[in-house]
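Have a look at the structure below, then the notes.
The values are calculated or read from the model by the stated rules, or taken from the named source; none is laboratory data. Just so we're clear, the structure is a prediction, and the values are computed from it rather than from any experiment. No Cβ is skipped: glycine too gets one built from the backbone with ideal geometry, and neighbour counts run over all protein chains shown. For the accessible areas, the whole protein counts, side chains as well, though only heavy atoms, and no ligand, DNA or RNA atoms are used. Shrake-Rupley method; radii C 1.70, N 1.55, O 1.52, S 1.80 Å.
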Amino acid sequence: MPFFIIISLILSFLVQFASSLQNLLISPLLIYLGTGAAIFSIAGVIVKKIPLKIGYDIFASSTLLVWFAYWKMLFNKDSPIFFFFPLYFAFMTALVSLLLVNQAHKIDYDTYRGMQSVSEMQGLQPWLIMSCVLVTLEFQKHYLLFPVMMTLLIMRFALSSCLEQK
């Protein structure tokens, strides 16, 4: 998810240095466009019309932008969550990509079968996790719910990518 990593790092940079570009990212138009892109990527994953890696990248990137635009107005101007959460997402995604996805060719058969059985569980379907991430955007009082669900989405991305490569 290279686009997601880049957007996460850009958001952290803009917040850290109090850039005036943040005002462009808070527009209601961005919320609508990002939500539309997220729903489009969920639909694309369900009907399998877009590649899974691209679907995850579009969804995660658009959801991050929606989260920033939607929540930025509700918190203090210098709230640390807008710096640390995107930074966490960028490093977590990069770490998972380097250590799991790029090493998928080294997975033995038994581990592969275990990963397949976890992947087939009904509660861990990509579209369901993506939908839950979108729903967590509404729970501003439970501000840790969004990063927890995004972490689960990143782990599901790693699982799907590893299985896709085998």
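Expressed as a whole percent, the accessible surface of the stretch 1-131 that belongs to carbon and sulfur atoms is 71, based on a 1.4 Å probe. Springs between alpha-carbon atoms under 10 Å, Gaussian network over the chain: tell me which of PHE40, PHE68, PHE146 tops the mean-square fluctuations. Ranking PHE40, PHE68, PHE146 by mean-square fluctuation puts PHE40 first. Under the combined filter of DSSP loop state and at most 14 neighbouring Cβ atoms within 10 Å, the stretch 13-101 retains these trypsin sites (Lys or Arg not before Pro): LYS48, LYS49, LYS77. Of the DSSP H helices in the chain, those that are both long (alpha-carbon extent of 20 Å or more along the helix axis) and hydrophobic (Kyte-Doolittle mean at least 1.0) are 2-16, 28-47, 81-99, 145-165.
Basic side chains Lys and Arg get +1 at the Cβ, acidic Asp and Glu get -1 at the Cβ, and with that the dipole of the stretch 85-166 about its Cα centre reaches some 100 debye.
Judged by the gyration tensor of its Cα atoms, with axes a ≥ b ≥ c, the stretch 94-166 is prolate; a/c meets the 1.5 cut and a/b is the larger of a/b and b/c. As a rough guide to protection, the peptides 12-18, 131-137, 101-107 ranked by mean Cβ packing within 10 Å, highest first, stand as 131-137, 12-18, 101-107.
Extending 7 Å from the Cα toward the beta-carbon at both VAL47 and MET73 defines two label points whose distance is 3.2 nm.
Rounded to the nearest 500, what is the 222 nm mean residue ellipticity of the chain from helices alone, with -39500 (n - 2.57) per DSSP H run of 4+ residues and division by all residues?
-24000 deg cm²/dmol
P(r) tail for the chain: Cα pairs beyond 29 Å make up 19% of the total.
Taking 8 Å as the Cα distance limit and 6 or more residues as the minimum spacing, I'd like the relative contact order of the chain as a percentage. Dividing the mean separation by the residue count of the chain yields 29 percent. With protein chains left intact and a 1.4 Å probe, residues in the chain average 55 Å² of accessible area per residue. Which of the lysines could a cross-linker bridge to LYS77, judged by Cα under 17 Å and excluding same-chain residues fewer than eight apart? In chain and number order, the partners are LYS141. Accessible-area rank, largest first, for SER161, SER27: SER27, SER161, with all protein chains present and a 1.4 angstrom probe.
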